[in-house]
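The values are calculated or read from the model by the stated rules, or taken from the named source; none is laboratory data. Keep in mind that what you see is a predicted model, and the values were worked out from it rather than measured. Neighbour counts are summed over all protein chains in view; Cβ atoms, including those assigned to glycine, are modelled from backbone coordinates with ideal geometry. Quick note on the areas: whole protein, heavy atoms, side chains included, nothing else; ligands and nucleic acids left out. Shrake-Rupley method; radii C 1.70, N 1.55, O 1.52, S 1.80 Å.
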Amino acid sequence: MKENNDTLKIGYHASHEQFKPSALLRYVQLAEQAGFNASLSSDHFAPWSLDQGESGFAWSWLGAAMQATDLSFGIVNAPGQRYHPAIIAQAAATLAEMFPDRFWVAMGSGQYINEQITGEHWPVKQDRNARLKECVDVIRALWAGETVTHHGLVTVEEAKLFTRPERAPKIIGAAITEETAEWVGGWADGMITVSKPPKELRKIVDAFHRGGGEGKPLYLKVQLSYADDEKQALQEAHEQWRSNIFPSAVLSDLRTAQQLEQAAMFVREEDLRQHVRISSDPGQHLEWLQQDIDLGFSQLMLHNVNLQQERYIEVFGEKVLPQLLR
């Protein structure tokens, strides 16, 4: 087993699409008691399928969750359409002021299923990326105390943040493809991507380094399904997560959860194994996670995509986390 440094974080992913905020608050408390030392929050207006069926407002929840635990927290956010960048700058600054050095924000170009509620035009990917970079520049300027006026793909007029933290949060670039990973390497403080087989993950990491990310931290959202029974782990992964396995272009551009459900009609249970780490063996999950660490990931945010959260937290607390964090 490779020796891990003190900065390794093993996080509990709080999936607002699948659980009510009150349940997630209890789960992060249980996760901390079990040995998890971080958490990641999703940030969506709609679930990915009607079977998931929830969608709490993450920014309200984060204040409660950070008060209720001592975990570090991150959130994956898409500024520019549903959210004005000045509002995200203010929200993140407030959390970072109350909970110093415990909060970071990952930023991506978003998905139409969440952003379509504004009724505005949904730009092509190239323009979404350009808008994201404008938002990041605006947010950093506001955190630096500047008065910002900006007219581009987003509009900001004479915005100034009067409450700012001593140290600004890290902005982590969200990337699923090699192309995006290389692009975020030039401006982000780190990168977050999703779990894939080691050879594919290595390509994402190499692209990030090639674009300027060498020496910056790597975060990984690990999509797994653990249950005591292998069949249950597979069945519940299929029930909850079959509409999430499509390529980025599909997930980004469909409008509703109903459309994603229809697209997933022909996804078989076994198809999930290519996209979700499904196993009833904690040792297998441990082996997979160690491979992630060996690739250079220092923050692993574990998302058990099925509904058996308490049992998963208990078992990973006993049999997986002590091996990784020792």
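Values as computed for the structure displayed
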quantity: Of all residues in region 143-176 being part of a strand (DSSP E or B) and under 25 Å from the mean Cα position of the chain (by Cα), the one that is surrounded by the most Cβ atoms within 10 Å (Cβ to Cβ); calculated: Gly173
quantity: Pairs with Cβ under 7 Å, 6+ apart, first in region 281-306 and touching a residue at least 60 places away in the same chain (Cβ under 8 Å) and closer than 21 Å to Lys216 by Cα, second among the β-branched types (Val, Ile, Thr) and open to solvent by 10 Å² or more (accessible area, probe 1.4 Å); calculated: Ser298/Thr7
quantity: Selected residue (only one of Leu218, Leu251, Leu286, Leu234 is among the hydrophobic types (A, V, I, L, M, F, W, C), modelled with pLDDT of 80 or more, under 30 Å from Trp187 (Cβ atoms) and open to solvent by less than 40 Å² (accessible area, probe 1.4 Å)); calculated: Leu218
quantity: All positions within region 92-140 that are in contact with a Ser or Thr (Cβ under 7 Å, 6 or more places away or on another chain), in a loop (DSSP other than H, G, I, E, B) and touching a residue at least 60 places away in the same chain (Cβ under 8 Å); calculated: Gln111
quantity: Residue, modelled with the lowest pLDDT, within region 1-41, restricted to residues that are hydroxyl-bearing (Ser, Thr, Tyr) and either in a strand (DSSP E or B) or open to solvent by 10 Å² or more (accessible area, probe 1.4 Å) (or both); calculated: Thr7
quantity: Among (1) over 17 Å from Pro47 (Cβ atoms); (2) more than 19 Å from the chain's Cα centre (by Cα); (3) assigned to a helix (DSSP H, G or I) - the single one Gln259 does not satisfy; calculated: (1)
quantity: Odd one out for Ala46, checked against (1) farther than 21 Å from Ala175 by Cα; (2) open to solvent by 10 Å² or more (accessible area, probe 1.4 Å); (3) in contact with a helix residue (DSSP H, G or I) (Cβ under 8 Å, 6 or more places away or on another chain); calculated: (1)
quantity: Failed condition for Leu272, given (1) in a helix (DSSP H, G or I); (2) farther than 30 Å from His121 by Cβ; (3) open to solvent by 40 Å² or more (accessible area, probe 1.4 Å); (4) out of contact with any Asp or Glu (no Cβ under 9 Å at 6 or more places or on another chain); calculated: (3)
quantity: Region 178-220, residues that are of a type in the set (A, V, I, L, M, F, W, C), part of a strand (DSSP E or B) and either in contact (Cβ under 8 Å) with a residue 60 or more places away in the chain or farther than 19 Å from Gly110 by Cα (or both); calculated: Ile192, Leu218, Leu220
